1. So what's the convex hull volume per residue for the Cα atoms of the stretch 279-419, in Å³?
2. Just from its helices, what would the mean residue ellipticity at 222 nm be for the chain, if runs of 4 or more DSSP H residues each count -39500 (n - 2.57) and the sum is divided by every residue, rounded to the nearest 500 deg cm²/dmol?
3. Hey, can you find the accessible area per residue of the chain for me, probe 1.4 Å, expressed in square angstrom?
4. Take each of the peptides 280-286, 223-229, average the number of other beta-carbon atoms within 10 Å over its residues, and list them starting from the highest.
5. Under 15 Å from the Cα of residue 322, which aspartates and glutamates turn up, not counting those fewer than eight places away in the same chain?
6. Order of 411-417, 202-208, 399-405 by packing, highest average Cβ count within 10 Å first?
7. Around residue 210, which amide H atoms from residues at least 5 apart in sequence, or from another chain, sit under 5 Å from its own amide H, with H modelled in the peptide plane?
8. Rounded, prolate or oblate, given the Cα gyration tensor of the stretch 122-178, with a/c below 1.5 counting as rounded?
Amino acid sequence: MTANLSGENTLKGKSIILGISGGIAAYKVPELVRKLRKAEAEVQVIMTKNAQEFIAPLTFQTVSNNPVITEMFAPVMTSEVAHVSLADKADLVVVAPATANVIAKFAVGLADDFLSTTVLANKAPILLAPAMNVNMYTNPATQENLEVLKKRGFYCVGPGKGELACGWEGKGRMSEVEEIFRSIKTILVPKDLKGKKFLITAGPTQEPLDPIRFITNRSSGKMGYALAEAAQIRGAEVTLVTGPTQLPLPRGVKVISVDTAGQMYDATIKHYQSMDTVIMAAAVADYRPAEFSPKKIKKEKNNLTIALVKTPDILAAMGKKKGTVFLVGFAAETEDLLANAQQKLQTKNVDLIVANDVTQPGAGFETNTNIVTLLCRNGKSEKLPQMSKELLAHKILDKVIALQSEARRQKTEARRSRN
Ligand code: C5P
């Protein structure tokens, strides 16, 4: 079955209880609520008494579009909330910031306010974003409490290092909202690629001419990194072979950094056989200087001719080996998009081509969005509207899963009809 999910859709309709305890980091949390709402999740905020010393419940009521629960027996809840067992309907409970105090309460199973009661009664996954003074965090009491909770299956994001509100430096800062948001998605995403091995190439390659200069392609690496991240959060074991980019490396992914097409070829071919799926999103330079000058080439002549030689076509080489590996290639074209992509599909012997006309606004190299057509071996194609590279990454993975299960189904039918 295809999950047909996306980074955004993962959270659509999900019910998230957001517990806020008394730490200064509470001021960052409205932004988390805003992001969750934007992703179409339902957010029910519960604030402890101490949390309300840092930020007003009204702020959360406004951003969550829901009444905030502040007291165990207060009549602030709407009749709807009052009659629904919150703990029962939640898909996820997030506690951010999680202070040393609430962590301790959860560890011993105390239920003396609405948040601790909900956590104790709850069956859904729980994510903690601890935030506290470094000494409180490193104190064995807190460390042991966190250990106990992790053993019980609680998820934890952070804390990070940095300047703390108390003036100390060190570990204890609540993770940034973006990181907490990513952890939430990771927990809620169906793990439909669990046990699968993916190799993804990304970014440009650089072909050196002398110690100062190189030939390269325009590429930010965003598409390949989005694919690596999407496959990882869906449970795949991901190897990312990346050319030089400015992007932060995706979490939980094995990264092999390369510079040249030759190095990318070696790294990819080395791991090829052990993979289930290989996605070549890299913008590999097609030519490299025939000679590398160990010294800087001086600007003495008016004209300079540089001899170029072809780099290895990695995708075509893998297509020759093929075997059972599912191969995905990209085609960035400026003309005759579909005809060129179709030809690539055949000559390079790949299963799926992601074709994009890089002349369109909102498609191609340095943008955050892309506009592509997916071309399959069976001749079918699907034109997708403009969307974020993150969302597109999930759509491509959905397609890979759908085509693989279709191929398995056909194989089984063929075997049946032979017998
Ligand atoms: O033929 P073209 O370079 O347009 O094909 C694009 C596809 O082939 C992309 O998936 C790209 O990563 C891959 N490629 C490659 N090795 C090259 C050039 C392109 O693997 N030398």
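1. 159 Å³
2. Details: 15 runs with 150 residues, N = 419.
The helix-only estimate for the chain comes to -10500 deg cm²/dmol at 222 nm.
3. Numbers: 21160 Å² over 419 residues.
Result: 51 Å² per residue.
4. Details: 280-286: 23.6, 223-229: 28.0.
Ranking the peptides 280-286, 223-229 by packing returns 223-229, 280-286.
5. Of all the aspartates and glutamates, those that pass the test against residue 322 - Cα under 15 Å, at least 8 places apart if same chain - are 276, 313, 351.
6. The most tightly packed comes first, giving 202-208, 399-405, 411-417.
7. The list, which skips near neighbours in sequence, is 293.
8. Oblate, since a/c reaches 1.5 and b/c is not below a/b.
The values are calculated or read from the model by the stated rules, or taken from the named source; none is laboratory data. If you're wondering where the values come from, they're calculated on a predicted model, not measured in any experiment. Methodologically, a virtual Cβ is constructed for each residue, glycine included, from the backbone with ideal geometry; neighbour enumeration extends over all protein chains shown. Side chains included, ligands, DNA and RNA excluded: accessible areas come from the protein's heavy atoms. Shrake-Rupley method; radii C 1.70, N 1.55, O 1.52, S 1.80 Å.
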